[in-house]
1. Select from Leu63, Asn150, Val51 the residue farthest towards the positive end of the dipole of the chain; place +1 on Cβ of Lys and Arg, -1 on Cβ of Asp and Glu, and compute about the Cα centre.
2. Quote to one decimal, in nm, the extra length available between Glu126 and Ser186 on full extension: 0.36 nm per residue of separation minus the C-alpha distance between them.
3. I need the Debye-formula profile for region 149-192: one equal scatterer per C-alpha, no solvent, reported as log10 I(q)/I(0) at q = 0.31 1/Å, two decimals.
4. Can you flag which of Lys112/Lys141; Lys3/Lys139; Lys9/Lys141; Lys33/Lys171; Lys119/Lys139; Lys3/Lys119 are past 24 Å Cα-Cα?
5. Using R₀ = 30 Å, calculate the FRET efficiency as 1/(1 + (r/R₀)^6) where r is the Cβ-Cβ separation of Phe146 and Gln17; round to 0.05.
6. Just want the ordering: Met118, Met137, Met15, from fewest to most Cβ atoms lying within 10 Å of their own Cβ.
7. Evaluate the Kirkwood expression for the hydrodynamic radius of the chain, namely the inverse of the mean inverse distance over all pairs of different C-alpha atoms, and round to one decimal in Å.
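No value in this document is a laboratory result; all are computed from the given coordinates. Here the structure is a predicted model, which is why all the values come from computation and not from measurement. As a convention, Cβ positions derive from the backbone with ideal geometry for all residues, glycine included, and neighbour counts pool all protein chains shown.
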Amino acid sequence: MTKFDLNTKDFLQSMTQTEISEWGKIEEITTHKKLKKGDFFFQHFDHCDEVAIVSSGLFRIFLIDQEGDERTYSFIPERSFILDFFLTWGHSKRMVSVQALEESEIYTIKYKEFVRLMKHDPIWSEVYREVLLRNYMFKTKREIEFVQFNAKERLQKFIDNERIDVKRIPKSYLASYLGIQPPSLSRLLRDI
């Protein structure tokens, strides 16, 4: 049986107003994994039937555009879930890739097992609902920022958020995330 570290337990507990007293059921269906920098949790068109809780490390989600270039869509630090919304659509292939940007540790759970757990214990439905809500809010906020703010303002908001230390992210991925070229990012970082 996998045992969650204290950081992961605190993170999961923060998702609910109710005290999580029984950890055994979720730990029974969870696998602890270590990924090296550059390893993929899953790649575009893979079949992946797991969700992951990031215990330590940093990941990026990226897409391949029509020209074959990688476009960074999001970053996932520790105390976060790696969750592909298309898991609920059965055997749908992944539309994105998720790659470790540094040495990372995750806890993985088969999605079907997690669904069974949610039916058995409503507290895990509450956790899952909160994860989906936070992911939706983050995605919506990012889309709004692309319309309302220029690249310098988006960068400043990313830095101010303090969710991820910008120094942990390679400049090429950060530039892609902001929708600019790396030389433009270098100029913006000098100005901030």
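1. Asn150
2. Working: separation 60, 0.36 × 60 = 21.60 nm, distance 4.18 nm.
So the chain would gain 17.4 nm between Glu126 and Ser186.
3. The calculated log intensity ratios at q = 0.31 Å⁻¹ are -1.36.
4. On the way: Lys112/Lys141 30 Å; Lys3/Lys139 31 Å; Lys9/Lys141 27 Å; Lys33/Lys171 27 Å; Lys119/Lys139 27 Å; Lys3/Lys119 22 Å.
Flagged as over cut-off: Lys112/Lys141; Lys3/Lys139; Lys9/Lys141; Lys33/Lys171; Lys119/Lys139.
5. On the way: r = 33 Å, r/R0 = 1.09.
After rounding, the FRET efficiency stands at 0.35.
6. On the way: Met118 16, Met137 10, Met15 19.
Listing Met118, Met137, Met15 from fewest to most nearby Cβ atoms yields Met137, Met118, Met15.
7. Working: mean 1/r = 0.0562 Å⁻¹.
In the chain this quantity evaluates to 17.8 Å.
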